[in-house]
Each structure stands twice: as structure tokens, then as C-alpha cells.
Amino acid sequence: MTDNLLADLPDARAGEAFTELLARPGVRIERIVSMGQATPEAEPMVQGWDEWVLLLAGEAGLRIEDGPELRLAPGDHLLVPAGARHWVTHTASPTVWLALHFGAQVVV
């Protein structure tokens, strides 16, 4: 059986929607659907594991630590290192991400 990451998107208007696609010891893959969300400046995201993200559809802005805002388009990908403060600065409606969480601290 196959599935399509861009089909049957959940309604994410009230908050980002996370769909776990695969979980194994030390690795978790999820689809994230955003619809206009951004991370509050005073509440950066910080994780105890590395996260590689690929933007599949839409557009988004992302800032890591004190770096510049990165503008992401479909096909763009990057690594957010464990422990790095990061913010999603904007998302289009809808924006679809593929996220690969990996490292010893991944919660599965």
C-alpha cells in the first residue's frame, strides 16, 4: 500500500498538525502541516535531538539561533542541530514539511 504526503492534508488552521509516519529507536519521521503559524519570539523551539527538515509544499521562514532568516521553498532542506534555539518566522497556507528527528534523545 502507498500513501501520499500531499494528499488528505489535515486542517491546521488552529495549530500545526503533526502526523507520525515512522518511529524506531533513535529516529522518528513526521509530516508537519502549517497554515500561517509562526513561533513566538519569546518561545523558541529547542530539542534534545537533531532535526532535518524538507519543505515539500508552500513556503516558510526559519531562523536558527542568531542567524538570518532563511526563506524556504519546496525542495529546500536543512539541519537544525540538537540544542539550537530556532523559530519558524512564517508559513504559507498550507505548508507541508517532512521532518526527520534523529539521535539518542528522540522520543518514540
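The values are calculated or read from the model by the stated rules, or taken from the named source; none is laboratory data. No experiment lies behind these values; they were computed from the predicted model shown. Reconstructed Cβ throughout: ideal geometry from the backbone, glycine too, with neighbour counts over all protein chains shown. Note: areas computed on protein heavy atoms with side chains; ligands, DNA, RNA excluded. Shrake-Rupley method; radii C 1.70, N 1.55, O 1.52, S 1.80 Å.
Numerical summary
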read-out: Filtered residues of region 82-108 (kept if of a type outside the set (Gly, Ala, Ser), surrounded by 12 or more Cβ atoms within 10 Å (Cβ to Cβ) and under 17 Å from GLU30 (Cα atoms)); value: VAL88, PRO94, THR95, VAL96, TRP97, LEU98, LEU100, HIS101, PHE102, GLN105, VAL106
read-out: Filter result (of a type in the set (Asp, Glu) and surrounded by 14 or more Cβ atoms within 10 Å (Cβ to Cβ)) within region 25-72; value: GLU30, ASP50, GLU51, GLU59
read-out: Which numbered condition THR2 fails, given (1) within 14 Å of LEU98 (Cβ to Cβ); (2) exposed (fewer than 13 other Cβ atoms within 10 Å of the Cβ); (3) hydroxyl-bearing (Ser, Thr, Tyr); value: (1)
read-out: Any hit, region 14-24, residues being open to solvent by 60 Å² or more (accessible area, probe 1.4 Å), in contact with a Gly (Cβ under 7 Å, 6 or more places away or on another chain) and touching a residue at least 24 places away in the same chain (Cβ under 8 Å); value: no
read-out: Qualifying positions in region 12-32 - closer than 15 Å to GLY58 by Cβ and of a type outside the set (Val, Ile, Thr); value: ALA12, ARG13, GLU16, ALA17, ARG31
read-out: Among (1) in contact (Cβ under 8 Å) with a residue 24 or more places away in the chain; (2) outside any strand (DSSP E or B); (3) within 14 Å of VAL96 (Cβ to Cβ), the one test that PRO10 misses; value: (1)
read-out: Tabulated pairs, region 35-62, first β-branched (Val, Ile, Thr), second open to solvent by 50 Å² or more (accessible area, probe 1.4 Å), C-beta under 7 angstrom, 6+ apart or interchain; value: THR39/MET45; VAL46/ARG85; VAL53/HIS77
